[in-house]
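Here's the structure, in structure tokens; my notes come after.
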Amino acid sequence: MGLADLHIHTIYSYDGTASVPAVLAQARQIGLDVIAITDHDEIKGTLKAFDLAPQFGLEVVPGIEITTAEGDLLALFVTEKIEPGLSLIGTILKVGEAGGICIAPHPMARGAGMKSLSRASILHALNHPEASRILIGIETYNATALDRESNQNAQRLFAECPRLAQVGNSDAHVVQAIGSGATEFPGNTAADLLDALWIGATGVRRGAQLSSAQILGSWAINFIISTPARMAVAYP
Ligand SMILES: [Zn+2]
């Protein structure tokens, strides 16, 4: 079984604190085979990680977390920025045109910067003939969700949608959180992972879930320390 964390933020996200090399080194260190860097509406960090990945001995799936008009959406296997602010279905179709697939992250979760898709928005997209071929996964475990019921709600929604693949992710905004949620899949390459997503053969691995206070405390400290690095990439 391969292990992937498909929802990680870097200093290229306005709220991320980890540099790209630090993410790659940590992911390798804890034994992940595949990671996706999914910064908010930004693609620079993921492209940098994709280039550096061979030096670190793991595979990077290029990705982005898009702020749609209806909530956050993960797009994987895309190398271009997808415009924020569009409807969920409009965004999904654009990701499809760019050759990617979509995953609904932390569905229905609320709290600290999480703008999540509602159950109604997700079901509406899954009833759309084209969008349903691109939105193929749901995050049933998000280790950074501050609202503890949200993972249970996501699991309930997954149970209603048997065609979807389930994934577990860290949604790490600090380097220490990488891999605290992960996705298991047969094989160990990014291509194996994509195959598993298509047929719903993925599983979820939960790490130790920190308390809301621990998550926010660790993020606040790392956010202050990483401010110069974040400014340097935001205003080069
Ligand atoms: Zn995120």
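The values are calculated or read from the model by the stated rules, or taken from the named source; none is laboratory data. Note that the coordinates shown come from a computational prediction; the quantities given were computed from them, not determined experimentally. Cβ placement follows ideal geometry from the backbone for every residue including glycine, while neighbour counts extend to all protein chains displayed. Side chains included, ligands, DNA and RNA excluded: accessible areas come from the protein's heavy atoms. Shrake-Rupley method; radii C 1.70, N 1.55, O 1.52, S 1.80 Å.
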**Fill in**
Unit-weight point scatterers at every alpha-carbon of segment 133-190, Debye formula, q = 0.21, 0.22, 0.23, 0.28 1/Å: log10 I(q)/I(0) is -0.88, -0.93, -0.99, -1.16
**Fill in**
Computed from every Cα-Cα pair in segment 81-148, P(r) in 5 Å bins starting at 0 and rounded to whole percents is 3, 17, 27, 24, 17, 9, 2
**Asked** Regarding segment 21-147, what are the three Cα extents along the principal axes, ordered largest first, in Å?
**Response** 41, 34, 21
**Request:** Can you tell me the 0 to 90 degree angle between the C-alpha axis of helix 20-29 and the longest principal axis of the chain, rounded to 10?
**Result:** 80
**Prompt:** Among 40-46, 55-61, how do they line up from the highest to the lowest mean number of other beta-carbon atoms within 10 Å?
**Reply:** 40-46, 55-61
**Request:** First obtain the Kirkwood hydrodynamic radius of the chain from its Cα pairs, then insert it into the Stokes-Einstein equation at 20 °C and 1.002 mPa s, and state the resulting D in µm² per second as a whole number.
**Result:** 125
**Item:** Zone of Gln176's modelled label, taken as backbone nitrogen in segment 186-229 under 20 Å from a point 7 Å along Cα→Cβ
**Value:** 206-229
**Fill in**
Taking every C-alpha to C-alpha distance in segment 89-211 and binning by 10 Å from 0, the per-bin percentages run 13, 44, 36, 6
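Taking 0.36 nm per intervening residue step and subtracting the Cα-Cα distance, what contour gain separates Ala234 from Ser212 on full extension?
Full extension of this stretch gives 5.1 nm more.
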**Message:** Under 5 Å between amide hydrogens, which residues at least 5 positions from Glu139 or on another chain qualify, with H placed 1.01 Å from N in the peptide plane?
**Reply:** Ala104, His106, Val167
**Item:** Relative contact order of the chain, defined on C-alpha pairs under 8 angstrom at six or more residues apart (%)
**Value:** 22
**Request:** Quick one: angle between helix 149-160 and the longest Cα principal axis of the chain, in degrees between 0 and 90, rounded to 10, please.
**Result:** 40
**Message:** What figure, in Å² to the nearest 10, do you get for the accessible area of Lys81 with a 1.4 Å probe and non-protein molecules left out?
**Reply:** 120
**Message:** With a 1.4 Å probe and all protein chains left in place, how much of the accessible area of the chain comes from carbon and sulfur atoms, in whole percent?
**Reply:** 57
**Fill in**
Note to self, the chain gives a 222 nm [θ] from helices alone (DSSP H runs n ≥ 4, -39500 (n - 2.57) apiece, / all residues, nearest 500) of -11000 deg cm²/dmol
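At R0 = 41 Å, how high is the FRET efficiency between Ile225 and Leu123 if r is their beta carbon distance? Nearest 0.05 is fine.
For Ile225 and Leu123, the calculated efficiency is 0.50.
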**Prompt:** Rg and Dmax of segment 188-236 over Cα atoms: what are they, in angstrom?
**Reply:** 17.8, 43
**Fill in**
Here the gain from full extension of Gln152 to Arg110, 0.36 nm per residue of separation minus their alpha-carbon distance, amounts to 13.8 nm
**Asked** Mind checking the angle between helix 212-225 and the chain's longest principal axis? C-alpha axes, 0 to 90 degrees, to the nearest 10.
**Response** 50
**Item:** Sequence-separation-based contact order of segment 108-187, relative, with Cα cut under 8 Å and 6+ spacing, percent
**Value:** 28
